[in-house]
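This report refers to the structure that appears directly beneath it.
Rule-based calculations on the coordinates, nothing more; no lab input. Fair warning: this is a prediction, and the values are worked out from it, not measured in the lab. We place every Cβ from the backbone using ideal geometry, glycine too, and count neighbours over all the protein chains shown.
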Amino acid sequence: MSSITRDDVLKALSAVQDPDLHKDLVTLNMVKDIIINGNNISVTIELTTPSCPLTDKIKIDSYNALKASFPQAEKIDVKMGAKVLAHKNETKDSMLPGVKNTIAIASGKGGVGKSTVAVNLAIALAMDGAKVGLLDADVYGPSIPLMLGVKEQPEVIQQGGAQKLVPIENFKIKLMSIGFLVDDSTPVIWRGAMASGAIKQFMSDVAWGDLDYLIYDLPPGTGDIQLTLAQTIPLTGAVIVTTPQEVSLIDARKGLKMFERVNVPTLGLIENMSYFIAPDTGKRYDIFGKGGGEKLAGELKVPFLGGIPINTKIREGGDSGKPFVFEYPDAEESKIIRGIARNLAAQVSIKNANLKQPKIEISI
Ligand code: ADP
């Protein structure tokens with residue numbers, strides 16, 4: 001039998017599709033490091049995010065395609081790697097040179113768990129291996145330092161002839177918070193103006209380094225402050241957090257419209273406090289109703305990224321500065337949160353690959 005060539009390997013892998021990006025691995029330039037040693041084949045598939053929800057499927061499909069094409073192969077090794085695609089935008093690139101993507105987390109109203117979701121999503125992405133920053137711009141209640149157990153103030157260093165703030169690192173992510181600049185005694189009416197000025201300054205004054213995702217926690221609501229903040233940094237897209245009940249959904253709809261007005265694509269909708277599982281009986285309670293978030297996402301034609309249940313430990317994690325997903329990585333809710341983070345990363349990849357979003361099937 002003739003020997004296996006690099007072209008043969010590429011041909012075999014051109015039959016494997018990335019199900020999110022709807023193109024084959026060779027066209028997407030994902031096949032790297034092809035090593036052929038006699039009848040042994042080794043390849044690396046470079047995905048568009050380490051949080052790809054389809055990593056296992058793509059790996060198995062690649063293995064099977066190689067096995068089918070080369071029955072004589074003694075060993076087939078498919079390694080998985082990732083390089084996050086960057087959102088292309090000249091303004092962003094000049095403001096945030098090392099930052100590939102900026103994702104705003106917003107909610108139409110307060111108390112839906114937006115900051116909790118932002119913290120846990122950021123950590124979930126970092127747990128998959130992405131470089132993640134979190135910018136807390138919630139002027140009314142900058143709670144993220146507390147949620148991450150951060151008590152110190154950021155350091156100032158000299159870099160390239162300028163003074164830079166060093167983000168504080170905890171739980172694998174880098175944090176900068178408006179709470180470091182606006183203290184509790186600042187009157188609420190000043191906060192918006194101060195915040196948007198400060199956020200703009202953050203852009204050039206924070207030594208973020210290289211980031212795959214910068215998560216940007218906006219204050220709740222859809223007023224002028226939110227609108228101004230949504231425009232202070234060029235965004236890859238926005239995520240809306242809601243709870244299942246009607247009052248929250250009405251405001252989530254407004255949130256979505258706000259981003260539409262400023263031409264920011266919505267990457268998806270997350271329903272928080274979706275349901276409660278009684279720890280003693282295991283019975284599910286739909287405290288705020290059922291399926292509201294998913295239905296709204298369908299109506300507004302944005303991806304539904306998933307629903308996070310209510311769990312006392314999620315609240316305790318926020319209060320004690322020990323984020324749930326990090327403290328309880330094996331809990332069912334952590335699996336759900338990590339799944340949502342991967343769905344979000346997939347939407348970012350789809351957006352950056354400039355491909356049409358796949359049709360979303362809604363089942364209620
Ligand atoms: P927002 O940023 O929308 O104002 P927070 O993230 O501050 O909301 O959350 C409000 C409260 O709800 C906090 O005490 C938080 O710990 C709690 N919380 C948020 N999500 C959950 C959840 N899934 N389960 C239990 N408690 C939650």
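At-a-glance table
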read-out	value
Residue among ARG338, ARG284, ARG315 with the largest mean-square fluctuation in a Gaussian network model of the chain, springs linking Cα atoms under 10 Å	ARG284
On Cα atoms only, tilt of 55-69 relative to the major axis of the chain in degrees	10 degrees
Summed residue charge, Cβ within 13 Å of LYS313's Cβ, Lys/Arg positive, Asp/Glu negative	-4
Packing-based exposure ordering (other Cβ within 10 Å, fewest first) of TYR285, TYR216	TYR285, TYR216
DSSP beta bridges in segment 90-356 [antiparallel fraction, %, rounded to 5]	25 percent
Sites ALA68 and LYS301 - FRET efficiency at Förster radius 30 Å, r taken between beta-carbons, to 0.05	0.20
Net charge over other residues, Cβ less than 15 angstrom from the Cβ of HIS87 (K, R count +1; D, E count -1)	+2
GNM top mover of ILE144, ILE225, ILE215 - the chain, alpha-carbon springs below 10 Å	ILE225
Among VAL132, VAL182, VAL239, residue whose mean-square fluctuation peaks in a GNM of the chain (springs only between Cα atoms under 10 Å)	VAL182
Using a Förster distance of 30 Å, the FRET efficiency for ASP280-ARG315 (Cβ separation, nearest 0.05)	0.95
Efficiency of FRET from Cβ geometry, LEU10 and TYR140, R₀ 51 Å, rounded to 0.05	0.40
As computed over segment 90-356, the Cα convex hull volume per residue (Å³)	125 Å³
Debye log10 I(q)/I(0) for segment 6-82, one point scatterer per Cα, at q = 0.14, 0.19, 0.27 Å⁻¹	-0.38, -0.70, -1.41
DSSP bridge pairs, segment 1-86: antiparallel proportion in percent, nearest 5	45 percent
